[in-house]
Amino acid sequence: MKMIFVDAENVGLKEVENIKACIVDKVYVFSKVASIKSVAEKSLFICLSAYPEGSNQADFSIIAYLSRILATLSAAELHIITFELYSNDKSLISAFQFQCNQLGAQCQIVQTKNDNPPLIVKESNAINIIYTSLKQPKKMSIVQAELGLTKQQMSKSVNELMAKKKIKRTPKNKKEWVQC
């Protein structure tokens, strides 16, 4: 199951229209724009617009809503739900990942602009983010490039994950890693 948060003021109408969610997923669209609200409602998404006008107000609402949801879930529920954010706002992405990492929740970020440089990850979050990114088998070089980690950050984090037996090489391809 996914809980998808959409910073529609940042990604726009087209991205809201392109979201693929199954019936058990919850999609929260944050926007005050009438056309976005209309598309969200037609897709049975939850449209949230009751936040103040102004800079970053949708972002604050997304983090507040995420925090409320995270606080109400049990540890077992946190491990079966993936929290997904559609945004290109680096500050919002960082705050979203931080909140998820605080409780060990799985999170994914969908950036809709290809011209963004890799997200710079602080070392304290690197372990959780690397672990989360290895739901599917991947080469570590790809993970490192996606996250913008230094070799030192990557090595330290991978070694710690291996020591805790949280990740392993895949049997089919020794260059790829996956969660245990």
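For Lys26, neighbours were defined as the other residues whose beta-carbon sits under 11 Å from its Cβ, and their charges (Lys and Arg +1, Asp and Glu -1) total -1. For a 4.7 Å threshold on C-beta separation, the list of partnerless cysteines in the chain reads Cys22, Cys47, Cys180.
Computed over region 1-116, relative contact order equals 29 percent, with contacts defined as Cα pairs under 8 Å that lie 6+ residues apart. In this structure, the amide hydrogen of Glu176, modeled 1.01 Å from its nitrogen in the peptide plane, lies closer than 5 angstrom to those of Thr170, counting only residues at least 5 positions away or on a different chain.
Separation of the alpha carbons by more than 29 angstrom is noted, of Lys139/Lys165; Lys14/Lys139; Lys26/Lys175; Lys90/Lys139, for Lys14/Lys139; Lys26/Lys175. For the chain, the percent of C-alpha pairs falling in each 10 Å distance bin, counted from 0 to the bin holding the largest distance, reads 9, 35, 35, 17, 4, 0. May I ask for the net charge around Gln57, where only other residues with Cβ less than 12 Å from the Cβ of Gln57 are counted and Lys, Arg are +1 while Asp, Glu are -1? Summing Lys/Arg as +1 and Asp/Glu as -1 gives -3.
A short reminder: the numbers here are calculations on the coordinates, not readings from a lab. Note that this is a predicted model, so its numbers are computed, not measured. FYI the Cβ positions are ideal-geometry reconstructions off the backbone, even for glycines, and counts take in every protein chain you see.
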